[in-house]
1. Based solely on its DSSP helices, what 222 nm [θ] is calculated for the chain when runs of n ≥ 4 H residues each add -39,500 (n - 2.57) and the sum is averaged over all residues, nearest 500 deg cm²/dmol?
2. Taking Cα pairs under 8 Å and at least six residues apart, what relative contact order does the chain come out at, in percent?
3. Cross-link list LYS219/LYS349; LYS205/LYS303; LYS89/LYS160: which exceed 29 angstrom alpha carbon to alpha carbon?
4. Lys/Arg Cβ at +1, Asp/Glu Cβ at -1, dipole of the chain taken about the Cα centre: which of TYR141, GLN323, ASN63 is farthest positive-ward?
5. Using each residue's phi in the stretch 283-289, evaluate 6.51 cos²θ - 1.76 cosθ + 1.60 at θ = phi - 60° and report the 3J(HN,Hα) Karplus result to the nearest Hz, with x for Gly and Pro.
6. Can you check how the C-alpha radius of gyration of the stretch 222-282 compares to 2.2 N^0.38 Å, as a plain ratio?
7. Report the FRET efficiency, 1/(1 + (r/R0)^6), for GLU335 and GLN117, where r is their Cβ-Cβ distance and R0 is 35 Å, rounded to 0.05.
8. Put a dot 7 Å past each Cα toward the Cβ at ASN93 and GLU309; how far apart are the dots in nm?
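Every read-out reported here was derived from the displayed coordinates using simple, explicitly stated rules and does not represent laboratory data. The model shown is predicted, which means the values in this text are computed figures rather than measured ones. So basically every Cβ, Gly included, is an ideal-geometry build from the backbone, and we count neighbours across all protein chains shown.
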Amino acid sequence: MKKLCFYIIISVVIVFMAGCGTESDDDNIVIVYNWGEYIDPDMLELFEEETGIRVVYDEFETNETMFPKVDVGAAEYDVICPSDYMISKMIQNDLLMELDFDHIPNAKQNIGAQYWQQSEGFDPGNRYSVPYCWGTVGILYNKTMVDEPITRWAQLWDEKYKDEILMQDSVRDAFMVAEKMYGYSMNTLNEQELLTARDALIGQKPLVQAYVIDQVRDKMIGNEAAIGVIYSGEAIYTKYENNDLEYVIPEEGTNVWIDSWVILKDAPHKENAEKFIDFMCRGDVALKNFEYITYSTPNEAAKALIEDEEVKNSPIAFPDLSQYDNLETYTYLGEEGDTLYNELWKEVKSY
């Protein structure tokens, strides 16, 4: 009986120790939730090599698909990369941790002052987010497939381009196009303005080949469409692949966006999350990341390391925004505003 008790005790101790070992392994990770194709995989491997911290990586397509998953705690993420207006929403919903910048020194040292200033619009005091990428939304067109230079959002309603137009499959980006065409703010909550934008999108629908997100890049490179609404970072890549493509910021104005790193309030690996963000803000790492994803970097140390002068002075990658009118950043419109936009978008898509 004593021997039996002894073996039971030993078994319990072994199981307990094994459990502790597993817990320790689980603590040596960082769980990252980011946009698709929005990071250089080699940088993830380099982070693991330098720190010994394993990266568990997951991807999302839109802010609107990311938020519900995080809000209900469907997965225990540490670091997420939302866009400006979604960061504001996450702050208001008490989902984010206030950052300790003493643990993220590369952020304050390398991120340009103008990007911190821009971030104040959705993160007052820069308490919760670190700028990662920025850019504009514009029109990409194939010079061999259009009759004239494309310079205005209104040209996306030209019937001669029927079945040659690609629109973004995103409620805010789609409505932004129509709102700017009419001279409205892309953050409008005026019901009549929104109904006008909805009707315009419904009227445009027979001309649209497809509502896409990342696919606009590949379709334009493959000459499958003449005109597409696209993010500037994607436009940089497409021009490398197809010399017939041209990117323009429309005359009516557009969205200047910024995506930033945040840490969830209940992040299970807070210290590892800080190390990850600090690593991504390192000049050499940010440069490699920029070269891979081609989205504009707010990291001044990385920009200084760019050797190709054409890239460093690119009007797509680093435009002089002072020469454009009616530029805006998305703001969070509140639960009622979100609901209104989503309902109107459903009407567009189901028409």
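1. Details: 15 runs with 159 residues, N = 351.
Result for the chain, helices only: -13500 deg cm²/dmol.
2. Working: 565 pairs, mean separation 93.9, N = 351.
Relative contact order here is 27 percent.
3. Details: LYS219/LYS349 21 Å; LYS205/LYS303 40 Å; LYS89/LYS160 40 Å.
Going by Cα-Cα distance, LYS205/LYS303; LYS89/LYS160 fall outside the 29 Å limit.
4. Positive-most Cα among the choices belongs to ASN63.
5. Values per residue, Gly and Pro as x: x, 5, 5, 4, 5, 4, 5 Hz.
6. Numbers: Rg = 18.0 Å, N = 61, 2.2 N^0.38 = 10.5 Å.
It is 1.72.
7. Working: r = 28 Å, r/R0 = 0.80.
Computed FRET efficiency for GLU335 and GLN117: 0.80.
8. Label-label distance for GLU309 and ASN93, simple model: 4.8 nm.
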